[in-house]
Amino acid sequence: MDTLKSLRTKLSDIRNEYYEVLKNSDLEPLELEILDLEGDCEDIHVRIKNIISKIDLKNNDVTSCGNSFNNIKLPDIQLPRFNGSYHD
């Protein structure tokens, strides 16, 4: 997320530098390209949030399943006893 914020900041800085250098007639193609890049940044941001929320939901499901089986009592198992004889 920090990388995405730094990319947005750099994009804004580049836009400001171009506005200072270029004429108004040259700005339209650049402005369209910048709008596309901003849209891409926003799409990436939304996708990252969706992935994080899905991971959080999966982690919650695993935790809740583990907690529901903690109080189950299994039946006692009768183990065979060795009486010292090698023959049954």
Could you compute the FRET efficiency for residue 46 and residue 72, with r as their C-beta to C-beta distance and R0 at 41 Å, rounded to 0.05?
0.50
For the ranges 2-10, 37-45, what's the packing order if you count other beta-carbon atoms within 10 Å of each residue, average per peptide, and put the highest first?
37-45, 2-10
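Full-extension gain between residue 2 and residue 20, please, as 0.36 nm times their residue separation minus the C-alpha to C-alpha distance. All intermediate terms of the calculation are to be shown ahead of the outcome.
On the way: separation 18, 0.36 × 18 = 6.48 nm, distance 2.74 nm.
Full-extension gain reported as 3.7 nm.
Quick note: the coordinates plus some simple rules give every number you see, no bench work behind them. Given the structure is predicted, the values throughout are model-derived calculations rather than measurements. All Cβ positions, even for glycine, are placed from backbone atoms using ideal geometry, and neighbour counts span all protein chains on display.
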